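Below: the structure, in structure tokens.
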Amino acid sequence: QLQLVESGGGLVQDGGSLRLSCAASGRISAINAMGWYRQAPGKQREWVASITRDGSTNYADYAKGRFTISRDNAKITVYLQMNRPKADEAADYYCNVRQLSLTYWGQGTQDTVSS
């Protein structure tokens, strides 16, 4: 079993930056892709970005150029640096980890953007 603990969410000023972290523990072998999703109130959960074990990254179009995903394989942690978040990007952000054929989700961290 894998456990994911997220941190770093909170209130950010419009135009500011925020860094989310998600640390994995437990049975940490064979972790493949790690990523982030978000879900705004009343909306479906959507993919933000993902990163493979070797560091290859992919981003949703809205995240390109503003968000950066990274990971530390030694710490089994994935990060999401969000620069210049917009007010309508306030949401619960969830980390997502693929381990062989299994998918794990973090508990979610709430981000609020104030103007």
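Distance distribution note for region 48-96: the fraction of Cα pairs above 18 angstrom is 28%. Give me the percent of accessible area attributable to carbon and sulfur for the chain, probe 1.4 angstrom. Ligands and nucleic acids excluded, carbon and sulfur give 47 percent. GNM on the chain, alpha-carbon springs under 10 angstrom: the most fluctuating residue among Q99, Q44, Q13 is Q44. Listed by chain and number, the lysines placed with their C-alpha closer than 20 angstrom to that of K86 are K43, K64; residues fewer than eight positions away on the same chain are left out. Note on the chain: percent of Cα-Cα distances in each 10 Å bin, starting at 0 and stopping at the bin with the largest distance, equals 15, 50, 29, 6, 0. Converting phi to 3J(HN,Hα) with the Karplus coefficients 6.51, -1.76 and 1.60 and the offset θ = phi - 60°, region 50-55 yields 8, 9, 7, 4, 8, x Hz in sequence order, with x at every glycine or proline. Surface exposure of region 1-85, expressed per residue as accessible area with a 1.4 Å probe, stands at 54 Å². Using R₀ = 30 Å, calculate the FRET efficiency as 1/(1 + (r/R₀)^6) where r is the Cβ-Cβ separation of S25 and T112; round to 0.05. Plugging the Cβ-Cβ distance into 1/(1 + (r/R0)^6) gives 0.65. Normalising the average separation of contacting C-alpha pairs (under 8 angstrom, six or more residues apart) by the number of residues puts the relative contact order of region 1-94 at 32 percent.
A cut-off of 5 Å between modelled amide H atoms, ignoring neighbours fewer than 5 places along the same chain, links L2 with R27. GNM on the chain, C-alpha springs below 10 Å: top fluctuator among N73, N96, N83? In this elastic network of the chain, the residue with the biggest mean-square fluctuation among N73, N96, N83 is N73.
The values are calculated or read from the model by the stated rules, or taken from the named source; none is laboratory data. Note that this is a predicted model, so its numbers are computed, not measured. Reconstructed Cβ throughout: ideal geometry from the backbone, glycine too, with neighbour counts over all protein chains shown. Protein only, heavy atoms only, side chains kept; ligands, DNA and RNA dropped before computing areas. Shrake-Rupley method; radii C 1.70, N 1.55, O 1.52, S 1.80 Å.
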